[in-house]
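Comments concern the structure below.
The values are calculated or read from the model by the stated rules, or taken from the named source; none is laboratory data. Keep in mind it's a predicted model, so treat the numbers as computed, not measured. As a convention, Cβ positions derive from the backbone with ideal geometry for all residues, glycine included, and neighbour counts pool all protein chains shown.
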Amino acid sequence: MAERNRVTPTGEIVATAQRGLFLGNRGSIHRGHEVVRPWQVRRWITCALAYKGWRAPMWEPGRWTPLFFWDEAVALAAGHRPCALCRHADHVRWMDGWEAATGSRPRVDPVDRVLHDERVGPDRGKRLHDLPWAGLPVGTFAVVDDRPHLVLADHLVPWHARADAYGPPRPRPRTGRATVLTPPSTVAVLRSGYAPVLHPSLARPR
């Protein structure tokens with residue numbers, strides 16, 4: 001049976017066989033094989049599945065809890081950013097986008113504080129915000145019909161926790177406003193040129 005260590009675009013941690021392309025870190029959030037809290041630290045990062053032969057600690061007491069994402073767009077929507085160690089080149093690109101969007105290039109701690117404030121509401125739940133459809137960059141997640149949808153250039157694709165691919169595409173609205181899952185600062189980084197790694201299933205014929 002799948003264990004509860006997969007992350008949805010809303011930031012929830014669920015049990016599903018959908019392993020994905022990346023793993024992530026929010027600190028030590030498990031006891032035994034059970035996730036007992038949504039995070040321990042503000043530094044939510046997205047890591048490579050493999051790095052120089054190193055293996056992630058799986059359910060080890062006192063160690064950080066490996067989480068898994070379908071692709072990087074899901075990780076960004078959940079509030080994570082690229083790891084500065086195992087994904088150094090992507091982290092540099094991320095910070096380039098941050099600098100282009102904000103005019104400053106801080107160290108990671110201020111970035112993580114901003115992201116944490118944006119992704120976690122006062123009730124410890126996911127914060128949503130609205131933006132015009134016309135300005136949303138590729139890689140953003142928005143809520144349509146109560147389901148997370150990935151924004152692409154001219155269409156949207158729904159994310160399903162128990163599927164092995166994104167769902168059937170639908171036209172992207174040209175007007176109006178979207179209910180956005182991806183944190184505002186991350187949307188700005190995407191708009192400034194950061195291109196997330198999307199799942200290869202998107203390239204398959206439909």
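Restricting attention to the range 30-55, the residues that are surrounded by 18 or more Cβ atoms within 10 Å (Cβ to Cβ), touching a Phe, Trp or Tyr at 6+ places or on another chain (Cβ under 9 Å) and within 23 Å of Trp94 (Cβ to Cβ) add up to 2.
For the range 7-20, the candidate set comprises residues that are on the phi < 0 side of the Ramachandran plot, touching a Phe, Trp or Tyr at 6+ places or on another chain (Cβ under 7 Å) and part of a loop (DSSP other than H, G, I, E, B); within that set, the residue that is surrounded by the most Cβ atoms within 10 Å (Cβ to Cβ) is Pro9. When Pro200, Pro168, Pro196 are checked against the criterion of being under 14 Å from the mean Cα position of the chain (by Cα) and closer than 23 Å to Thr16 by Cβ, Pro196 stands alone in meeting it. In the range 163-175 there is no residue that is touching a Leu at 6+ places or on another chain (Cβ under 8 Å), surrounded by 15 or more Cβ atoms within 10 Å (Cβ to Cβ), not assigned by TED's automatic domain parsing to the domain that holds Ala78 and not in a loop (DSSP other than H, G, I, E, B). Among the residues of the range 176-200, the one identified as of a type in the set (Ser, Thr, Tyr), within 20 Å of Asp146 (Cβ to Cβ) and assigned to a loop (DSSP other than H, G, I, E, B) is Thr182.
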